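The values are calculated or read from the model by the stated rules, or taken from the named source; none is laboratory data. The structure displayed is predicted, hence computed values, not measured ones. With ideal geometry, Cβ positions are generated from the backbone for all residues, glycine too; neighbour counts draw on all protein chains shown.
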Amino acid sequence: MTDTTWTERYLAAVLRSIPESRRGDVERELRSSIEDGIEERVANGEDRVAAERAVLEGLGDPGRLAAAYTGRPNYLIGPALFPVYSHIIPRLIAISAPIVLIAVSALKIIAGTEYLGALAAGTSATIGVVIQLAFWGTLFFVFLERADAARETREQIASAVGTWTVDRLPEPSNKRVSVSETVGEVLTVLITAGGLLFVRSLEVNTPTGRIPLLDPSLLDVFVPYLAGVLVVLGAVHLLVYVVGHWTYPLATVHGILAIAWGAPIAYVALQGQLVNPAFASAIGWPGLAAGDQPAMLAIAVGVTLVTAWEVFDAFRRARGASLAGFASAILSRGA
Amino acid sequence: MDKDELLGSHREELRRGTVVLACLLALREPGYGYGLLKTLDAAGIPVDGNTVYPLLRRLEERGLLQSEWNTDESRPRKFYRTTPAGQELAAQLLAVVEDLTRSLQTLDGGIR
């Protein structure tokens, strides 16, 4: 099997960053060139698997080949450093952004800012840090690329990363979404819907009658709206199964739905409109109905994190496992 | 960097500038990607596929080459042929290379 998958995976990796309109022709030509190369090596007595490997490695990093096809220069950061750069900077941002968000928001809260304001301050600080990291990180690599003083470092990095081999090919992306994955996703949606109905039905018995947990103003529009979003979310997961894999349009719709579900909940919680004030006083915790409660902040942060993950996850899957493949290749080389 | 590496990297740099010219000259006879690699190699101009394959497309986009799929044989191949515009450019570039060689020889003679 390996003899076909390497070429297929190589072609997929090249074509991914080539405009759709030119893909078919480039694929056809590149495929026939690769086969020409393999054929000649096999005719010279080479083993077919070894021949395929040699031909693909002769063509080199598929990302760079694609860049040559599209004429897109990736030369602010040169070819030796670019893979390292594009590997490190996004990770650096992914790690620091949540830390800054949480730290700055927490400090603001300790300093006495109300939760919504603290979250806004944290968000704007995070945006600032992301921009700074991207800018200075890029500048650092540009320096490393160009400065004579950094030549030794550059060569060390280049030799540590090494030359490209087929082992670094990303796993075949757009893997078919399995039945069990889809069932899992739809079950999650159903359980969430069940949880929603459960929370809606929670009430406390008092001498004056039953008092619902949720603020009465939410029951008519807000809760049915959330349920509606869930139904559409479930439908999107079924659609993903029918299509076979995540695509960018599907991930976008999914992301909009996830935000349409999470953002209102976080907002309502922080505004203190989630819990029925009568319920809060009935259970002897009047503060629960106010927005500036750790419980409400926890709900808002929790919902925000889950939503962010949902959005990220769908795009990650639409993109395929390219970064993961590269990371594991680097790790396995280092080991 | 040892001597061989030094020679290698500078030779690459010199050759890089002549690949376009070599392709335009070679493809006055129609040829396909891998075949062209062999032709250039045999002519003493070894070039990598990852240089030539994208280059052919760029030259075609600029109207210096024209292409046609040949599906008569078992493997479909895209054949390129130098256009009149491409031939004109090739002649001009060839003159530049010859001038350069002469200038370098003059320099070389002057120093000795």
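Please work out which residue is surrounded by the most Cβ atoms within 10 Å (Cβ to Cβ), limiting yourself to the range B:38-50 and to residues that are in contact with a helix residue (DSSP H, G or I) (Cβ under 6 Å, 6 or more places away or on another chain) and within 12 Å of chain A (Cβ to nearest Cβ).
Restricting to residues being in contact with a helix residue (DSSP H, G or I) (Cβ under 6 Å, 6 or more places away or on another chain) and within 12 Å of chain A (Cβ to nearest Cβ), the top hit is B:GLY49.
Could you check A:GLY45 against (1) loosely packed, with under 13 Cβ neighbours inside 10 Å; (2) within 14 Å of chain B (Cβ to nearest Cβ); (3) among the small types (Gly, Ala, Ser); (4) not in a helix (DSSP H, G or I) and say which number it fails?
The failed condition is (2).
Do we have any residue at all in the range A:106-114 that's modelled with pLDDT under 85, surrounded by 18 or more Cβ atoms within 10 Å (Cβ to Cβ) and part of a helix (DSSP H, G or I)?
Yes, that holds for at least one residue.
List every residue pair whose Cβ atoms lie under 7 Å apart, where the two residues are 6 or more positions apart in sequence or sit on different chains, the first residue falls within the range A:225-238 and is among the β-branched types (Val, Ile, Thr), and the second residue, located anywhere, is assigned to a helix (DSSP H, G or I).
A:VAL229/A:LEU257; A:VAL229/A:ALA260; A:VAL229/A:TRP261; A:VAL232/A:LEU257; A:VAL236/A:LEU250; A:VAL236/A:VAL253; A:VAL236/A:HIS254; A:VAL236/A:LEU257
Checking the conditions here, which among B:ARG15, B:ARG81, B:ARG28 is within 24 Å of A:LEU56 (Cβ to Cβ), surrounded by fewer than 17 Cβ atoms within 10 Å (Cβ to Cβ), away from chain A (no Cβ under 13 Å) and of a type in the set (D, E, K, R)?
B:ARG15
Any idea which residue in the range A:27-52 is farthest from the chain's Cα centre (by Cα), counting only those that are over 22 Å from B:THR39 (Cβ atoms) and of a type outside the set (Gly, Ala, Ser)?
A:ASP47
Check off (1) surrounded by 14 or more Cβ atoms within 10 Å (Cβ to Cβ); (2) more than 24 Å from the chain's Cα centre (by Cα) for A:LEU101 and give me the number that stays unchecked.
For A:LEU101, the failing item is (2).
Which condition number in (1) at negative phi; (2) more than 14 Å from chain A (Cβ to nearest Cβ) is the one that B:ARG57 fails?
The single condition B:ARG57 does not satisfy is (2).
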